[in-house]
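These notes concern the structure reproduced below.
Each value in this text was obtained by applying a stated rule to the coordinates, not by laboratory testing. Since we're looking at a predicted model, the values are computed, not measured. In this analysis, Cβ positions are derived from the backbone assuming ideal geometry, glycine residues included, and neighbour counts consider all displayed protein chains.
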Amino acid sequence: MTIDEIAQHRTVVLEGGDGVGKTTLADLLVTQSGFIAVHSPRTPDHQNLTRRYRDLLARPGPLVLDRSFVSELVYGPLYRDRSRLTLEQALGLADLVTARDGVFLHLTAPVAVVRSRLMARDGHAPEVEEIAALGEAYERVFRVLASHVSVLRYAAEPESPSPTG
């Protein structure tokens, strides 16, 4: 899959754990195809996630989400014992992405590559088991989403040494 093929969509949702290449790909879509990038760090607890993403998806023009509501379905259960979004809310947001000519890209990389990238970028990285657990959680979430909307998987090359977001 090329940048040009990805850029044929009006909305691109990039998801996966830290270090798989989301920010790198988002930056390419911005510089090469004129997308507006929105990086979504963890939303504060008091903020309504559904409203936040509905508002983002109502913006005009080509949009790339560097992380999104999908992450809440992964990180919430792993680190806070629950997601702040129900499956129904997440599927409703996924429908909005689809209605906006959108595509979900599930980015993956081997655990050793992710750990190496995070060490190079941040000077530290989670243990291999934590990185693997995040990857497995993303796999589970995307299996559910893929039964409802289009999800494409992009696996980074194992020898790719460059630090990414």
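Computed FRET efficiency, Cβ-Cβ of residue 54 and residue 119, R0 35 Å: what is it to the nearest 0.05? Walk me through the numbers on the way to the answer.
On the way: r = 37 Å, r/R0 = 1.06.
Computed FRET efficiency for residue 54 and residue 119 comes out at 0.40.
So, with +1 on the Cβ of K and R and -1 on the Cβ of D and E, and no other charges, what is the size of the charge dipole of segment 3-155 about its Cα centre, to the nearest 20 debye? Show your work: numbers first, answer last.
Working: 18 positive and 19 negative charges, 65 e Å.
In debye, rounded to 20, segment 3-155 gives about 320.
Please check: in the Gaussian network model of the chain (C-alpha springs, under 10 Å), which one of 106, 39, 124 has the largest mean-square fluctuation.
Ranking 106, 39, 124 by mean-square fluctuation puts 124 first.
Under the definition of Cα pairs under 8 Å and six or more residues apart, what whole-number percent is the relative contact order of the chain?
On the way: 249 pairs, mean separation 54.3, N = 165.
Here the relative contact order equals 33 percent.
Among 31, 126, 1, pick out the residue whose Cα is farthest towards the positive end of the charge dipole of the chain, where Lys and Arg carry +1 and Asp and Glu carry -1 on C-beta, about the Cα centre.
It is 31.
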